[in-house]
Amino acid sequence: MSLVISLVLLGLGIGQRTIWAPPETIVSQLEQTTDAQIIVVPGETMNQHDGRQTVTISGDGPVTAVVGREHDVLGWVGEDEHALAVLDDEGQLTLESFSGPDEPLPALIGNDMWIEEHTGDGEVQFEIDLPVGFSMAIQGEPGTAAPADVRVEWPFDAKTPLFGPLITAGLIFLALALLLFLLALRRHRRRRGPQRRSHRDLSRAERRSLRRDARDGLALPESGAQGAVAGTTVDTEQPAIAGADGPSEASSAELPSGEPSSPSAPTPDGEQPTSGKAERRAAPTRRRFGLIALPVLASIALTGCGPQYWPSPAPSETSAAPTPTSLEETLPQVAITESQFERVLADTRESVAQADADRDFRLIERRVAGPMLEARRTNYAIRGQSDEIAALPGIPDGDVQLLLPQQTESWPRTVMAVVAWEDTAQAQSTLVFEQPDPRQPYRVVYQTSLASGVQVPAVASPTIGAASLPDNTPLLQRPAREITMAYADVLLRGDDSEYASWFREEGDALREQFGKAWKDEQRADPDLELTELDWSANDDEQSPLMLVTNEGGALLATSFTETQRITPTEEGVEVSAQDGAAILAGVEQSETGIEQTYQLQVLFAVPPADAPEGAQIQVIGYGQALLSADEVEG
């Protein structure tokens, strides 16, 4: 019975992993068509099942799938018509439509915000482990409906909770059946006894005759069954028995060959031989133990199997809501991650280098904007007329020394970075990028060279980022919108400016190079004795960009223009225009004068409003470039 139960249990257990085993994957197929140009698959949908997902998207023509942070994907989609993929009660993908403008959308591919991009013609297949907080966007040919043939597969952790108990119980019953079989076999052997064919006991005379023959050294008959008395049969297993309680005297007699009959006789070396009978008894014992131990050990091994083979308690229905465990989880996410910025920086380097070499203004617009774009527009125009004019400094080719992205999930977005050159003789540059909206790339707005000996204030790590402040914030020592033109006035008037006390003069390389002292030297130049030099400053259209430092202050990037006007003071005196100014003005000599406008980009470290008395705004870096030149009208 134990053997039958064992076979039944083992069969049921094996069936749990074979004919009744669940599928290895969970498949959800989207078969619903849509007119929307974008299908968004959120991380919550992809994480309805555990494991890495395999996504297959099929369609007619190009197929694009991108992965990004959820607020980035939704920011790109905006208010336009799109469809959201969710799992229904049966585990299949269905679409929820969101109406909006149905104008043709641009291509998803190539945006700076994406973590992954997958493209193909007719089909795209890839594996991904999409976490919550990230989303996937699907697009076909831009301007057409998104491909709705979407298939998602999850690896299925095939739990068979009855496999372990069934196999274990089956092996236990198998061990029990083997044990009962061995016990029965042993009992049968003990009860069997000698098989005799004698029907009467030997007489006393017959037994004496047998003993006498044994003493005389006579051999017993070969059959061991023929006695001295006719009709008497002797047991083959006991050829000479003296009595029921002891061995026969013939056991000590020698055989006719002269060899001792005892199996325990000493060997010629004096050693006692090992008993063969004891070995024969030990071998079956070991075999019986092995037969029983095998299923027992298998049962013990099964207890160490994975939890998918054993019943597990039902998960608790109530669980506490996750609470933030770090500072990063309580703050808005950063505008851009380190890996994303590395891609942006590499692409910017390549685009700017190629555009500068070809003087390609359309190409430079892809990665440059604001004051920096205006400076390059002028430089390209000048270099197109003269090969002797040098190009403006490109994007540094060294490592990123500092990265400070803005904490925001909206637009526009700002990120500052300090990047070194491979040539260590060149000063490090500070790059300020801005992304005006989700569908546009990050572009360099400001590029300044760090002043020698000036320390950049401490800022947060790239994973935490920094908040931005409005121009009229009261959290800074001075209003940001007033700092730009206040410093421009200091460059014009020096210590006579009412704003001179705002700014630290020590270490201000820009003031040393283009401040009032330098301007006075230009006015006193003997070659310009018959001319009049005047400077004026104006604000530009670009708003300052700033990010908060650890001390509560801010790094403020801004720009303004400074115009130099040189006119003759007497008739017949001509004013000369040099290099690029002559090309832009269209004349090398003028009797009316030359007017040149320069762009100045400045990076300030602004103290907080509660800074100690005596704290001043410091110039961290600066840059200068010619914007325009014209002949003064007579």
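Looking across region 407-443, the residues that are under 28 Å from the mean Cα position of the chain (by Cα) and within 18 Å of Gly394 (Cα to Cα) come down to Met416, Ala417, Val418, Val419, Ala420, Leu431, Val432, Phe433, Glu434, Tyr442, Arg443.
Mind checking which residues of region 407-419 are without any contact (Cβ under 8 Å) to a residue 60 or more places away in the chain and surrounded by fewer than 18 Cβ atoms within 10 Å (Cβ to Cβ)? Matches in region 407-419: Pro412 only. Criterion first (within 28 Å of Phe433 (Cα to Cα) and not aliphatic (A, V, I, L, M)) does Glu123 satisfy it? So Glu123 fails the test. Against the numbered list (1) of a type outside the set (Phe, Trp, Tyr); (2) in a strand (DSSP E or B); (3) modelled with pLDDT under 95, Gly580 comes up short only at (2).
Quick one: is Leu108 surrounded by 13 or more Cβ atoms within 10 Å (Cβ to Cβ) and touching a helix residue (DSSP H, G or I) at 6+ places or on another chain (Cβ under 6 Å)? Considered against the rule, which asks whether it is surrounded by 13 or more Cβ atoms within 10 Å (Cβ to Cβ) and touching a helix residue (DSSP H, G or I) at 6+ places or on another chain (Cβ under 6 Å), Leu108 comes out as no. Are any of the residues in region 12-31 farther than 28 Å from Pro155 by Cβ and surrounded by 15 or more Cβ atoms within 10 Å (Cβ to Cβ)? The answer is no; no qualifying residue exists. Val575 falls short of the stated requirement of being crowded, with 17+ Cβ neighbours inside 10 Å and either among the acidic types (Asp, Glu) or within 22 Å of Leu431 (Cβ to Cβ) (or both). When the criteria are applied in full, Asn538 meets the requirement of being under 21 Å from Ala625 (Cα atoms), touching a residue at least 12 places away in the same chain (Cβ under 8 Å) and of a type outside the set (Ser, Thr, Tyr).
Here is a yes/no grid of residues against (1) surrounded by fewer than 20 Cβ atoms within 10 Å (Cβ to Cβ); (2) of a type outside the set (S, T, N, Q); (3) more than 26 Å from Arg413 (Cα to Cα):
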| position | (1), (2), (3) |
| --- | --- |
| Asp50 | yes, yes, yes |
| Glu81 | yes, yes, no |
| Asp102 | yes, yes, yes |
| Met113 | no, yes, no |
| Glu127 | yes, yes, yes |
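Reported count of residues in region 610-624, each being surrounded by 19 or more Cβ atoms within 10 Å (Cβ to Cβ) and closer than 13 Å to Pro371 by Cα, is 2. Could you check region 47-96 and list, in sequence order, the residues that are closer than 27 Å to Gln333 by Cβ, in contact with a Ser or Thr (Cβ under 6 Å, 6 or more places away or on another chain) and acidic (Asp, Glu)? Within region 47-96, Glu70, Glu81 qualify. Would region 375-388 turn up any residue that is touching a Lys or Arg at 6+ places or on another chain (Cβ under 8 Å), surrounded by fewer than 14 Cβ atoms within 10 Å (Cβ to Cβ) and assigned to a loop (DSSP other than H, G, I, E, B)? Yes, the conditions are met somewhere in region 375-388. Residues that are over 36 Å from the mean Cα position of the chain (by Cα) and in a loop (DSSP other than H, G, I, E, B) were ranked within region 340-374; the one that is surrounded by the most Cβ atoms within 10 Å (Cβ to Cβ) is Arg359.
Report yes if some residue within region 131-142 is surrounded by fewer than 19 Cβ atoms within 10 Å (Cβ to Cβ) and at pLDDT below 75; otherwise report no.
no
Selection within region 586-609: residues that are surrounded by fewer than 20 Cβ atoms within 10 Å (Cβ to Cβ) and hydrophobic (A, V, I, L, M, F, W, C). The member of this set that is nearest to Leu450 (Cα to Cα) is Ala609. The condition (being free of Cβ contacts under 8 Å to residues at least 60 places away in the same chain and either over 27 Å from Gly394 (Cα atoms) or part of a helix (DSSP H, G or I) (or both)) is satisfied by just one residue among Gly634, Gly552: Gly634.
The values are calculated or read from the model by the stated rules, or taken from the named source; none is laboratory data. Note that the structure is a prediction, hence the values are computed from the model and not measured. Ideal geometry is used to build each Cβ from the backbone, glycine not excepted, and the neighbour counts take in all protein chains shown.
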